[in-house]
Every structure is written in C-alpha cells, then in structure tokens.
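Novice: My questions all concern the structure below.
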C-alpha cells in the first residue's frame with residue numbers, strides 16, 4: 001500500500017497545502033447564484049429642485065459588482081424606543097478576490113441584491129442590506145458579510 005504524501009502530519013509536510021483554495025474555490029463559486037452590488041451609504045448632493053423644495057441625492061457608485069449568495073438567518077426580536085421590532089439577519093458571501101479589487105467592504109456599506117438567481121426568492125431583488133460585520137480570516141476564499149435589511153437598520157438605529 002503506498003504511503004500518503006500529504007496532510008497526515010509528517011515532518012516537512014504541510015497540513016493545509018499552499019494551493020488548497022484553487023481547488024475548492026471553484027466549487028463554492030457555483031453556490032453564489034445571485035448578483036449583488038456593494039456601495040457606500042449616502043450619496044452625493046444633486047441640484048436643488050425648486051418645485052418640491054428638496055435636494056435629491058445620487059447614490060455613491062458601487063465598489064463591488066459580482067456574484068453572491070444570500071442566506072437568511074434566524075430573526076431576532078428586539079426593542080427600539082420601547083417598541084418591539086424584529087431584526088432579520090442575512091449572511092451574504094462574495095468572492096474574496098472580486099470583493100477586494102476596488103475598495104474594501106466595511107461595516108455600514110449597502111449590499112443591493114440585483115438578481116436573486118434562478119433558485120432565489122424573487123422578492124429579494126432590489127432589497128438593500130446593511131453590512132453589520134465583515135468576517136475575516138487567513139484561510140478563506142470568500143468574503144462573508146452579516147447584514148440586516150436597510151429599513152430594519154434605520155428603525156433600530158433611531
């Protein structure tokens with residue numbers, strides 16, 4: 001019987017090979033069937049409208065556009081200003097390489113699901129999610145974001 005050559009703790013043998021992500025990342029990429037856009041919150045002021053007496057805002061341009069996977073997590077009941085509120089949490093995964101090419105994704109960024117994919121919930125299209133945490137690690141090939149719905153974040157923050 002041939003002796004195993006890797007991942008068995010022999011001296012000089014890496015337990016996790018240097019090229020491990022190249023083999024696994026394409027498999028996981030197939031699970032990202034949705035399409036997301038990530039941008040900073042807020043926007044730039046546009047011209048003053050004399051009819052409505054308001055200044056409109058144009059959203060900041062996206063700094064990430066790419067495939068994503070959106071998974072719903074268990075809802076949590078909270079209180080906001082003595083009013084009961086339910087906060088729905090989502091786990092959004094993006095390709096690690098795509099997500100860091102333009103600008104890093106940070107807390108409070110807005111993730112807009114532009115296409116939930118063929119197996120996704122159609123009601124997810126156009127939903128804005130606010131990033132509440134960004135998971136980081138040394139052995140990862142995807143970026144994992146914890147998010148809440150934009151309307152929920154505004155309700156809880158006020």
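The values are calculated or read from the model by the stated rules, or taken from the named source; none is laboratory data. Because the structure is predicted, anything quoted here is derived from the model rather than measured. Cβ atoms come from the backbone with ideal geometry, glycine included; neighbour counts cover every protein chain shown.
Novice: Could you please tell me which pairs satisfy a Cβ distance under 9 Å, a separation of 6+ or placement on different chains, a first residue in the stretch 21-33 that is surrounded by 15 or more Cβ atoms within 10 Å (Cβ to Cβ), and a second residue that is modelled with pLDDT under 75 and assigned to a helix (DSSP H, G or I)?
Specialist: Listed pairs, sorted by first residue: 21/96; 25/96; 25/97.
Novice: Considering (1) touching a residue at least 12 places away in the same chain (Cβ under 8 Å); (2) surrounded by 10 or more Cβ atoms within 10 Å (Cβ to Cβ); (3) over 26 Å from residue 103 (Cα atoms), say which one residue 55 fails and leave the rest.
Specialist: (1)
Novice: Considering (1) touching a strand residue (DSSP E or B) at 6+ places or on another chain (Cβ under 7 Å); (2) within 14 Å of residue 129 (Cα to Cα), say which one residue 40 fails and leave the rest.
Specialist: Only one criterion is unmet by residue 40, namely (1).
Novice: Next up: Out of (1) surrounded by 12 or more Cβ atoms within 10 Å (Cβ to Cβ); (2) under 30 Å from residue 18 (Cα atoms); (3) under 12 Å from the mean Cα position of the chain (by Cα); (4) modelled with pLDDT of 85 or more, the odd one out for residue 63 is which?
Specialist: It is condition (3) that residue 63 fails.
Novice: Could I ask something else about it? Within the stretch 45-55, is there a residue that is modelled with pLDDT under 75 and in a helix (DSSP H, G or I)?
Specialist: No: the stretch 45-55 contains no residue that is modelled with pLDDT under 75 and in a helix (DSSP H, G or I).
Novice: Still on this structure: If residue 151 passes every condition in (1) modelled with pLDDT of 85 or more; (2) surrounded by 11 or more Cβ atoms within 10 Å (Cβ to Cβ) but one, which one does it miss?
Specialist: Tallying (1) modelled with pLDDT of 85 or more; (2) surrounded by 11 or more Cβ atoms within 10 Å (Cβ to Cβ), residue 151 fails exactly one: (1).
Novice: Still on this structure: I'd like to verify a number: residues in the stretch 4-34 that are assigned to a loop (DSSP other than H, G, I, E, B) and either modelled with pLDDT under 75 or more than 25 Å from residue 64 (Cβ to Cβ) (or both), how many?
Specialist: Looking only at that region, the number is 16.
Novice: Given the conditions (1) loosely packed, with under 11 Cβ neighbours inside 10 Å; (2) under 20 Å from residue 29 (Cα atoms); (3) over 15 Å from the mean Cα position of the chain (by Cα), which single one is not true for residue 117?
Specialist: (1)
Novice: Now, a different point. Hey, could you check the stretch 89-114 for residues that are farther than 18 Å from residue 39 by Cβ and modelled with pLDDT under 85 and say which is nearest to the chain's Cα centre (by Cα)?
Specialist: For the stretch 89-114, the residue satisfying everything is 96.
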